[in-house]
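Participant: Pasting in a structure now, in structure tokens, and then I'll have a few things to ask.
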Amino acid sequence: VTGVQTCALPISTTYETNVLFVLRFMVDQALAGGGWVEIEGFQRRFADSAKSTCQIDIDVHYEQVKPIELLKIAPMRILSFDIECFNPEGKGFPRAENGCPVIQIAAYMKEQGKKEHIVNAVWNLNTCNDIAGANVFTFENEEALLLSFRDFLETVDPDILTGYNIANFDLPYLLDRAEALKINWDFCKLGRYGERARKNITEIQGREKIEVHIDGRVVFDMIVVIQREQNLSSYSLNAVSAEYLGEQKEDVHYSQIGDLFKTSAETRRRLRSEERRVGKECRSRW
């Protein structure tokens, strides 16, 4: 190729290649997970040259990133969300690859340490009556709904994504629906670095475990915490809510979701309002 010069690099031996680069960096710089750091000699990147969607994007030599002692919790943005989907055929649990659409996404975001919320909103396929205390967005097609939610994530830039069973259901379902609709190239860019969210499936003791990796954001699933730390006869959201909050959401079986979705704007409001109320209470206490 004209104008390109190449040179042979000397052969070298690498060590500790089994150690993740990020972990090696933290060890070398004595950085603690979730700790504070100070940065010197950095150069800020602005919108036209930014490499990420972070609120502040900088270039800095790794040796200029140093730990500091600071007894303070960072003002992390925590986004809790939940999806609803249904099977148009009316039989069986919805499956993303079989044309079962996402019909609602509810999101609630707050900043660590503050009582008031930043966002309380519902994305709805088709019309939906007003829900007290929430912004309701309506869409004529599923593609527009999903891409709007993705754009929302980039705009509000949460540090932590949380919910109940989001790692094993909600996030994988969203990724699978995006692939089925052929919008996965745009939708799956849920992280901060332009990389597509990745789904990893492993089998542990005969059970399938799904992990979704989103660059720059922590996926924190409450059901994993409850199952690890509490001994309960049932780990459904209703059972856990009854055990720790003393109340339950309106119990809508997945087979009823389709009828509520197809009937009217009022039944679509009912589909979300009760679950949103209990979910909000869970978030405020946990």
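The values are calculated or read from the model by the stated rules, or taken from the named source; none is laboratory data. Just so it is clear, the model here is predicted, and its values are computed rather than measured. Cβ atoms come from the backbone with ideal geometry, glycine included; neighbour counts cover every protein chain shown. Only protein heavy atoms, including side chains, enter the accessible area calculation; ligands, DNA and RNA are left aside. Shrake-Rupley method; radii C 1.70, N 1.55, O 1.52, S 1.80 Å.
Participant: Between helix 265-285 and the chain, what is the angle of the helix's C-alpha long axis to the longest principal axis, kept within 0 to 90° and rounded to the nearest 10?
Facilitator: Result, in degrees: 50.
Participant: What are the ³J(HN,Hα) couplings of the stretch 138-147, residue after residue, when phi is run through the Karplus curve with 6.51, -1.76, 1.60 and θ = phi - 60°? Round to Hz, x for glycine and proline.
Facilitator: 3J(HN,Hα) across the stretch 138-147, in whole Hz: 10, 9, 7, 9, 5, 4, 5, 4, 5, 5.
Participant: Can I ask one more? Quick one: with all protein chains in place, what share of the accessible area of the stretch 88-150 is carbon or sulfur, to the nearest percent (1.4 Å probe)? Can you show the working numbers first?
Facilitator: Working: 1500 of 3250 Å².
Of all accessible area on the stretch 88-150, carbon and sulfur atoms account for 46 percent.
Participant: Another one. Among DSSP bridges having both ends in the chain, what percentage is antiparallel? Round to the nearest 5.
Facilitator: Values: 30 of 42 bridges.
Of the beta bridges lying entirely in the chain, close to 70 percent run antiparallel.
Participant: Could you tell me which of 103, 185, 216 has its Cα farthest along the dipole of the chain towards the positive end, charges placed at Cβ (Lys, Arg +1; Asp, Glu -1), taken about the Cα centre?
Facilitator: 103
Participant: Here is a further query. For the residue pair residue 220 and residue 71, what label-to-label distance in nm results when each label sits 7 Å from Cα along the Cα-to-beta-carbon direction?
Facilitator: Inter-label distance under the simple model: 2.1 nm.
Participant: Counting only DSSP beta bridges with both residues in the stretch 79-154, tell me the antiparallel percent, nearest 5. Can you show the working numbers first?
Facilitator: Numbers: 14 of 19 bridges.
Beta bridges within the stretch 79-154, antiparallel portion: roughly 75 percent.
Participant: Give the distance, in whole Å, between the Cα centre of the stretch 173-204 and the Cα centre of the stretch 20-83.
Facilitator: 24
Participant: If I take R0 = 45 Å and measure r between the Cβ atoms of residue 32 and residue 127 in this structure, what FRET efficiency does the formula 1/(1 + (r/R0)^6) give, to the nearest 0.05? Intermediate values should be presented prior to the final figure.
Facilitator: Values: r = 50 Å, r/R0 = 1.10.
According to the calculation, E is roughly 0.35.
Participant: Please state the relative contact order of the chain as a whole percent: Cα pairs under 8 Å, 6+ residues apart? Can you show the working numbers first?
Facilitator: Working: 425 pairs, mean separation 42.8, N = 286.
Answer for the chain is 15 percent.
Participant: Another question, if that's okay. If you roll a 1.4 Å probe over the heavy atoms of the protein chains, what accessible area per residue do you get for the stretch 76-124, in Å²?
Facilitator: Result: 44 Å² per residue.
Participant: May I ask you to evaluate 6.51 cos²θ - 1.76 cosθ + 1.60, the Karplus curve with θ = phi - 60°, for each residue of the stretch 156-162 and list the ³J(HN,Hα) values in order in whole Hz, giving x for glycine and proline?
Facilitator: 7, 6, x, 7, 10, 9, 9
Participant: Based on Cα coordinates alone, diagonalise the gyration tensor for the chain, multiply each eigenvalue by 5, take square roots, and list the semi-axes in whole Å, largest first.
Facilitator: Details: eigenvalues 289, 112, 86 Å².
Three semi-axes, in Å: 38, 24, 21.
Participant: Taking θ as phi - 60°, what are the ³J(HN,Hα) couplings along the stretch 23-33 by the Karplus curve (6.51, -1.76, 1.60), each to the nearest whole Hz, with x for Gly and Pro?
Facilitator: Along the stretch 23-33, the couplings run 5, 4, 4, 5, 5, 4, 9, 6, 8, 9, x Hz.
Participant: Quick one: which residues, 5+ away or cross-chain, put their amide H under 5 Å from the amide H of residue 100? H built at 1.01 Å from N.
Facilitator: HN-HN under 5 Å from residue 100: 95.
Participant: Separate question: Under 14 Å from the Cβ of residue 202, count the other residues' Cβ atoms, weight Lys and Arg +1, Asp and Glu -1, and hand me the total. Working shown, then result.
Facilitator: Numbers: positive: 198, 199, 207, 209; negative: 203, 208, 211.
Around residue 202, the charge tally is +1.
Participant: What FRET efficiency, computed as 1/(1 + (r/R0)^6) with R0 = 41 Å and r the Cβ-Cβ distance, is obtained for residue 245 and residue 18, rounded to the nearest 0.05? Please list the in-between numbers first.
Facilitator: On the way: r = 44 Å, r/R0 = 1.07.
So the FRET efficiency works out to roughly 0.40.
Participant: What does DSSP give for the stretch 126-264 in terms of the percent of beta bridges that are antiparallel, rounded to the nearest 5?
Facilitator: Around 65 percent antiparallel, to the nearest 5.
Participant: Number of Lys pairs in the chain with C-alpha atoms less than 18 angstrom apart, excluding same-chain neighbours closer than eight positions?
Facilitator: Lysine pairs meeting both conditions in the chain amount to 12.
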